[in-house]
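Following: one structure in structure tokens, then a few remarks.
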Amino acid sequence: MKSLKSMIIIAFSCLAIMLFTSSNLDENKKYAELWLKVEKFENDGLPKSALEVVNQIYTLAKSENNSPQIIKAVIHKLKFKEQTEDHVFMELLKEVDSQIEQNEFPATNLLHYIKGNLYWQYYQNNRWNILDNKTTQDSNTDDVSNWSPEKFIVKSSTHYLKSLEQENRLKQIPVQDFHDILVTGNSENLRPTLYDFLIFETIEFFSDQEISLVKAADQFSINNSNYFLPAKEFSDISIITKDTLSFQYKVVQLYQQLLHFRLNENNKNALLHADLERLKFIYSKAIMKEKDELFITQLENLKDEFNAIDDVSDVYYELAQIYRYKASLYDQSDENLKTYRWMNVKALEYINAAKEKFKDADGTKRCLNLENEITRPFLNLISEEVYLPNTAFPVRIEFQNIKKSSLHIYKTSFHQLKND
């Protein structure tokens, strides 16, 4: 069983926030010099000394209202407290609460995001103990070890949603301002504002959960073709449900809010990214027989609408992938599935189009991996391990991209097989 401290480290690693002390070259020189001291103390195994310098950075950042440096300092305060103090998790929560009270927008938004993530990662890392501990669960206690799963869900979701407060102001803050602490990879042009970053993190939280607070009699489900409508129409649809605690319902609402924002901004890359992520979520959760056709239709619409930008290669990849999936269902003996025989050819058409039009795009790189999967030679023989002597026996042969093969059968004995 993992120690509590190792669980906290895992929780921090799941944040889309960097725990590194190194600074970028364009960072203010006085902060860069202080962070170098922190890095040296940390490398020397002196977390208390590192924490003292972090406190200096925090005080300086507070005096200048430098939100990125405030958050960076808070993250490192939490990390070094974890290494030097007992009763780690509760102390970390108290520290985050204290920082929320002391700071202002937008630092508080990121702190709420951090706290929501800490709660949920603690639950995930202690899930089996919590589920086995039903007899002592008490939602009124401050001791998280005695909380119910529902309490963790409420706490986590509350803080994730609080991270999106004052959304109009969040939309004005470039995520680049926080490049020294946020793990954005190469997605800064796809999620260019702090609002984009936080709403996608919140969507990810609500998308992954299997636990529902209440099993409503009229449970929310994605069972209507309206969820596949183009972005403008989708963002305007009115969704009526009694199951307002449903996580799927919350994700649909968040995508509506995000697309409302993106449709009014002059950033086609970010709009395409948001809408493609919306469609992928809807497709993964929809329970309609015609969902494949609805998904393909909207992907085709995106392909045509955004065909002048490289990021549309991601759409080509999704189209190729869904046809690849259909090909995997091919069954000669099934009247419906036998029509999927040539679906890999259709997938390769999209892959080749992406290679031709968007040679170096990320989506094209994924297409190349899918192409390798589709075109690789494959041969497999399936039979029973034991057959009765002097009787015919069936062998199933599975193959792909092989024009000719030879099968040789050799006579042997039990003695030879045993020795081999």
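Looking at Ile374, is it under 27 Å from Phe281 (Cα atoms) and either of a type in the set (A, V, I, L, M, F, W, C) or surrounded by 17 or more Cβ atoms within 10 Å (Cβ to Cβ) (or both)? Quick ask: steps written out before the conclusion?
Numbers: under 27 Å from Phe281 (Cα atoms): yes; either of a type in the set (A, V, I, L, M, F, W, C) or surrounded by 17 or more Cβ atoms within 10 Å (Cβ to Cβ) (or both): yes.
So Ile374 fits the description; yes.
When you scan the range 4-16, do you find a residue that is at pLDDT below 85, assigned to a helix (DSSP H, G or I), charged (D, E, K, R) and under 18 Å from Leu118 (Cβ atoms), even just one?
So the first thing to find is which residues in the range 4-16 are at pLDDT below 85, and the list is 4-16.
Filter once more, so that each one left must be assigned to a helix (DSSP H, G or I): 4-13.
Filter once more, so that each one left must be charged (D, E, K, R): 5.
In the following step, the residues that additionally are under 18 Å from Leu118 (Cβ atoms) were identified as 5.
There is at least one residue in the range 4-16 that is at pLDDT below 85, assigned to a helix (DSSP H, G or I), charged (D, E, K, R) and under 18 Å from Leu118 (Cβ atoms).
Please go through the range 356-367 and give me each residue that is farther than 11 Å from Ala320 by Cβ, free of Cβ contacts under 8 Å to residues at least 60 places away in the same chain and part of a helix (DSSP H, G or I), ordered by number.
Going through the range 356-367, the residues farther than 11 Å from Ala320 by Cβ turn out to be 356-362, 365.
With the extra rule that they be free of Cβ contacts under 8 Å to residues at least 60 places away in the same chain, the set shrinks to 356-361, 365.
If the condition is that a residue be farther than 11 Å from Ala320 by Cβ, free of Cβ contacts under 8 Å to residues at least 60 places away in the same chain and part of a helix (DSSP H, G or I), then Glu356, Lys357, Lys365 are the ones that fit.
Each row is one residue, and each column tells you yes or no for (1) touching a strand residue (DSSP E or B) at 6+ places or on another chain (Cβ under 6 Å); (2) more than 20 Å from Asp314 (Cα to Cα); (3) assigned to a helix (DSSP H, G or I).
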{"residue": "Ser235", "(1), (2), (3)": "no, yes, yes"}
{"residue": "Ser238", "(1), (2), (3)": "no, yes, no"}
{"residue": "Gln253", "(1), (2), (3)": "no, yes, yes"}
{"residue": "Gln257", "(1), (2), (3)": "no, yes, yes"}
{"residue": "Phe261", "(1), (2), (3)": "no, yes, yes"}
{"residue": "Leu272", "(1), (2), (3)": "no, no, yes"}
{"residue": "Glu277", "(1), (2), (3)": "no, no, yes"}
{"residue": "Lys280", "(1), (2), (3)": "no, no, yes"}
{"residue": "Lys289", "(1), (2), (3)": "no, yes, no"}
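Considering each residue of the range 147-163, count those that are more than 28 Å from Tyr195 (Cβ to Cβ) and either assigned to a helix (DSSP H, G or I) or in contact with a Lys or Arg (Cβ under 7 Å, 6 or more places away or on another chain) (or both), and give that number. Before you say what the answer is, go through the steps one by one.
Going residue by residue through the range 147-163, those that are more than 28 Å from Tyr195 (Cβ to Cβ) are 147-151.
If we keep only those that are either assigned to a helix (DSSP H, G or I) or in contact with a Lys or Arg (Cβ under 7 Å, 6 or more places away or on another chain) (or both) as well, we get 149-151.
Total satisfying the criteria: 3.
Among the residues of the range 384-400 satisfying the criterion of being in a loop (DSSP other than H, G, I, E, B) and modelled with pLDDT under 85, which is surrounded by the most Cβ atoms within 10 Å (Cβ to Cβ)? Spell out how you get there, then give the answer.
Kept after step one, since they are in a loop (DSSP other than H, G, I, E, B), are these residues of the range 384-400: 384-395.
Pick out the ones that are also modelled with pLDDT under 85 and you get 385-387, 389-390, 393, 395.
Details: Glu385: 4, Val386: 6, Tyr387: 11, Pro389: 4, Asn390: 5, Phe393: 9, Val395: 9.
Out of the qualifying residues, it is Tyr387.
Name every residue in the range 146-188 that is farther than 25 Å from Phe247 by Cα and at pLDDT 85 or above, in order of residue number.
Arg169, Gln172, Ile173, Pro174, Val175, Gln176, Asp177
Can you find, within the range 44-99, the residue that is farthest from Ala32 (Cα to Cα) among those that are modelled with pLDDT of 85 or more, among the acidic types (Asp, Glu) and in a helix (DSSP H, G or I)?
Asp97
Considering only residues that are without any contact (Cβ under 8 Å) to a residue 24 or more places away in the chain, among the aromatic types (Phe, Trp, Tyr) and in contact with a helix residue (DSSP H, G or I) (Cβ under 6 Å, 6 or more places away or on another chain), look in the range 288-344 and name the one that is surrounded by the most Cβ atoms within 10 Å (Cβ to Cβ).
Tyr340
The values are calculated or read from the model by the stated rules, or taken from the named source; none is laboratory data. Owing to the predicted nature of the structure, the values given are computational and were not obtained by experimental measurement. Reconstructed Cβ throughout: ideal geometry from the backbone, glycine too, with neighbour counts over all protein chains shown.
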